[in-house]
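As structure tokens, the structure follows; a few thoughts come after it.
The values are calculated or read from the model by the stated rules, or taken from the named source; none is laboratory data. What you are looking at is a predicted structure, and each value in this text was computed from that prediction instead of being measured. Methodologically, a virtual Cβ is constructed for each residue, glycine included, from the backbone with ideal geometry; neighbour enumeration extends over all protein chains shown.
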Amino acid sequence: MAKWYEKKKNESDYLLSKENGQAAVLELLEFYGVEMEDEKGSAENGMEMLCDYYRRGLLENRQDEKLGFCVVQHLSSKQDLIYREMKGRDRLVHGRYDLKTQYDEKANAILGKLCGLGEDVIMSLMRDDRKAAVLLATVFFAV
């Protein structure tokens with residue numbers, strides 16, 4: 001997106017400080033042992049956007065005795081999607097898709113499985129809800 005179009009955000013738009021947002025992203029990456037690096041800087045940009053969603057209160061990490069390490073997505077509809085801890089069997093969902101398959105199809109499949117509500121729920125997300133979910137899928141694909 002063009003620099004002239006970037007929306008300026010005020011610190012009052014955020015629930016968390018930049019440091020706390022970054023800590024939440026690092027907690028997620030460290031839990032799964034994921035290193036997000038690339039030559040073009042797109043991973044860095046994605047992690048900044050993920051940090052922004054944590055800071056705005058749209059994403060939250062949580063420990064649950066039953067579900068393990070969870071990421072809670074607070075939707076604009078005031079509902080929550082809870083993505084439970086990813087297990088080895090969940091990787092099979094990602095493995096079903098070849099390299100030519102659309103990224104969105106893969107994201108819908110893994111996120112639908114992790115939240116237990118299926119792909120249709122993920123496909124119905126819009127705007128920031130959809131963007132945050134797709135960024136989370138990027139982390140889950142790197143596991």
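Numerical summary
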| item | result |
| --- | --- |
| Qualifying residue in region 72-81 (condition: more than 21 Å from ASP52 (Cβ to Cβ), of a type in the set (D, E, K, R) and at pLDDT 90 or above) | no |
| Close pairs from region 17-28: first surrounded by fewer than 17 Cβ atoms within 10 Å (Cβ to Cβ), partner part of a helix (DSSP H, G or I) and not aliphatic (A, V, I, L, M), Cβ under 8 Å, at least 6 apart | SER17/ARG55; LYS18/CYS51; LYS18/ARG55; ASN20/TYR54; ASN20/ARG55 |
| Residue selected from region 98-111 under the condition more than 13 Å from VAL71 (Cα to Cα) and surrounded by 15 or more Cβ atoms within 10 Å (Cβ to Cβ), by the criterion modelled with the lowest pLDDT | LYS106 |
| Residues that are modelled with pLDDT under 90, of a type in the set (S, T, N, Q) and part of a helix (DSSP H, G or I), drawn from region 1-33 | SER12 |
